[in-house]
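The values are calculated or read from the model by the stated rules, or taken from the named source; none is laboratory data. Every value quoted in this text rests on a predicted model; they were computed, and no experiment measured them. Neighbour counts are summed over all protein chains in view; Cβ atoms, including those assigned to glycine, are modelled from backbone coordinates with ideal geometry.
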Amino acid sequence: MTPRPEPSQRPPEPVTTVTQTPDVAEVLDTTTSKGAAKAGLGWLTLYTVPKNAAVFDGSTQLGTSPLTKIAIPVGTYRLRVVDPQDPGGTSKLLSVPIRPGELTKLQIRLADLPPYTE
């Protein structure tokens, strides 16, 4: 039986290092068409006659017209547009498709839209 060498005389044991890179979030520039498309966004510009109509997506108010290049997720929206000149606050329905990385630009007369129903 051979004696085991002293620790200082032993050859170093191989060291295995496992490096893991954490998932790094990709930063997207959503001001460009390519970045917005990758992020699943598009833009909406909406002009109404009369102007200053309140625009809602469900219970969320997107703003009052004119809306200029607002970024929203891709999809087809059923927007509720409230006529500011109607004393009864009649709501109108506007269906808007938003495509990835594209600007949807609309100019509409509220009188031409159908009534909004839930």
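Among the criteria (1) crowded, with 16+ Cβ neighbours inside 10 Å; (2) among the hydroxyl-bearing types (Ser, Thr, Tyr); (3) without any contact (Cβ under 8 Å) to a residue 60 or more places away in the chain, the one residue 48 does not fulfil is (3).
The selection criterion, being modelled with pLDDT under 95 and among the hydrophobic types (A, V, I, L, M, F, W, C), holds for residue 41. When residue 105 is tested against (1) touching a strand residue (DSSP E or B) at 6+ places or on another chain (Cβ under 8 Å); (2) modelled with pLDDT under 95; (3) surrounded by 11 or more Cβ atoms within 10 Å (Cβ to Cβ); (4) of a type outside the set (Val, Ile, Thr), exactly one condition is not met: (2). Whenever a residue of segment 55-80 is touching a residue at least 40 places away in the same chain (Cβ under 8 Å), its partners that are of a type in the set (Phe, Trp, Tyr), lying with C-beta atoms within less than 9 angstrom and at least six residues away or across chains, give the pairs 71/43.
Return the only residue of 53, 36, 25 being farther than 17 Å from residue 95 by Cα and either at pLDDT 95 or above or touching a Ser or Thr at 6+ places or on another chain (Cβ under 6 Å) (or both). Reasoning before the result, please.
Details: 53 fails: farther than 17 Å from residue 95 by Cα; 25 fails: either at pLDDT 95 or above or touching a Ser or Thr at 6+ places or on another chain (Cβ under 6 Å) (or both).
The unique qualifying residue is 36.
Taking the conditions (1) closer than 21 Å to residue 118 by Cβ; (2) of a type in the set (S, T, N, Q); (3) without any contact (Cβ under 8 Å) to a residue 24 or more places away in the chain in turn, residue 91 satisfies each one other than (3).
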